[in-house]
Amino acid sequence: SVETDRRRRRGASKESPQRLSEFTARWLNLVVAAVAGFADSVWNGTIGVAFLYDVWKTNKRVGVAEALNGLANLAVAIPAGWAADRWSRAGVIKCGALTIAIAAPLYAYAVLEAAAGRDLEQMYVLVCVANMLLGGMSAIVNGPVQALFADSIETGKRSKLYNWLFVCYIVPTLLGPAVSIGYFSTQGDEWRLGLLRNLILLGLGLEIPVAILLCLFRDDAALGGSSDAVQDQRVTATSRASVETAATGGDVPLRPDTASVRNAADGGAIGGAADGDATDAPPNGSAAKPSAEAAAVAEPTDPRIARIPYVVFGCDLVVALGSGMTVKYFPLFFKEDLNMRPAAVQAIYLAVPVAMAIASTLATKLGRKVGRVQAVLALRVFGLTCFAGMVVLYDRGIARAGPLKYAIVALYVVRTASMNCTYPLEESILMDYVPKDTRARWKSLQSVAMFGWCGSAYLGGALADEYGYTKTFLFTIGLQSTGVLIYAQLLGIVGREASGLAGGGGDAT
């Protein structure tokens, strides 16, 4: 009828701005990830580490700067996550943008002075202060931004979009090493402070567009119940079914339609009539039958589901402790122990993002085939095996020099891709099972793991100075293996995802 058409048009006009906000939140996240990936790849890796080492001549100074970054991250993370959940995610994100605008010029000034050899101790203090500001910024931004991203995606359908987010960050990180290779090649391909200084200044300048983009986030991008946690959707299904059954005069069924419940848990809609249809009077005065939604009264929620975020956090913390001991020292290992020139080292970090982007896409597909937890565990074990192979090749003197040293490089690339490509799967699991009103806090709590990462960087620097890089690698392998064992507790708890962004749910594992 005409009146029905009018109602439909009015409803569509109300929904359109909301859908636009959801779309904007997703794409703005992807753009921010791409710009941040480019900026970080220019300065916040090999170049930054090499500059600190060459100016202050010790791994410990590198480790202290990283540890302070993590300490600031830890101090800010929980308050920022709480404020984002209780007040405004977009408002907290804007505070992070302001922090970038302060930290980037401060770091640039310290680098300029240190490269000129002036006031080295004071400049090291300024580098540490700027690093702390950037650590605080990371905590402020990552929790609320990631929570807003999760809120704009339906539960059970996040792996694909998280893979896009991962690829949007990783692929632009190709540009940083590419810029460095071109620059070093035209300037003599040597580790000179002036060259390192210029690249750091370029990267810091590219952080400013990131700050501008962060000011564009809005709080109205969140979906409704379709982005709630799995267990919350089950509770909602139970509540609706109970109300509907009471309205129709029926009894709550003793045995739920578990297939429908599983479909809802994996991101599909629970079948049934629209809200307005449930209360219509049955024809001919016959007894009303409960709809499919009423039949899908949620089966008792697996109590182990409440354990999921704690297991993920525990695994993240242990893995981060191991990673922090070595990640910042891989470029120095290639530079000092394998005697590789700047362009060659940067070529490694040109290959790594390509491998990670390809591996993350394959990992997402593998997760749909065998289950997300199973895929994460298999890839982590494979990565640790490659890591152990690196240590054996170097310590046994098999591949320390000549062309054979590139076998170590190849294992490093494969190891790094395997260990990091699981991010989309892990994030989709966490966000599928964390209630919406605590997502920013849980994402911010991951900054505690970041502190472990940065804090262990100091210990890794001390061990590298005393025993060498490969001995430190062994500690990392041990800690990350422990993390794999912790994550294995999720086997049998986490269900598979829906097969696509718009498709129905999949089967639980």
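Read the figures in this text as sums done on the coordinates, not as results from a lab. Note that the structure is predicted; figures quoted are calculated from it, not measured.
When the listed pairs K335/K365; K328/K443; K365/K443 are checked against a 27 Å cut-off, the alpha-carbon distance exceeds it for K335/K365. Derived scalar couplings between HN and Hα for the stretch 331-347 equal x, 6, 4, 5, 6, 8, 8, 9, 6, 8, 7, x, 4, 5, 5, 5, 5 Hz in order, rounded to whole Hz, by the Karplus curve 6.51 cos²θ - 1.76 cosθ + 1.60 (θ = phi - 60°), x for Gly and Pro. The phi-based Karplus calculation (6.51 cos²θ - 1.76 cosθ + 1.60; θ = phi - 60°) puts the 3J(HN,Hα) values of the stretch 79-89 at x, 5, x, 4, 5, 5, 6, 8, 10, 8, 5 Hz, whole numbers, x for Gly and Pro. Rg ratio for the stretch 304-419: its Cα radius of gyration over 2.2 N^0.38 Å, N being its residue count, equals 1.21. Averaging the Cα positions of each part gives two centres, and for the stretch 380-436 and the stretch 96-160 these lie 26 Å apart. Residue by residue, the stretch 97-114 carries 3J(HN,Hα) couplings of 4, 5, 5, 4, 5, 8, 5, 4, x, 5, 5, 4, 4, 4, 5, 4, 5, 5 Hz when phi is fed to the Karplus relation 6.51 cos²θ - 1.76 cosθ + 1.60 (θ = phi - 60°); x denotes Gly or Pro.
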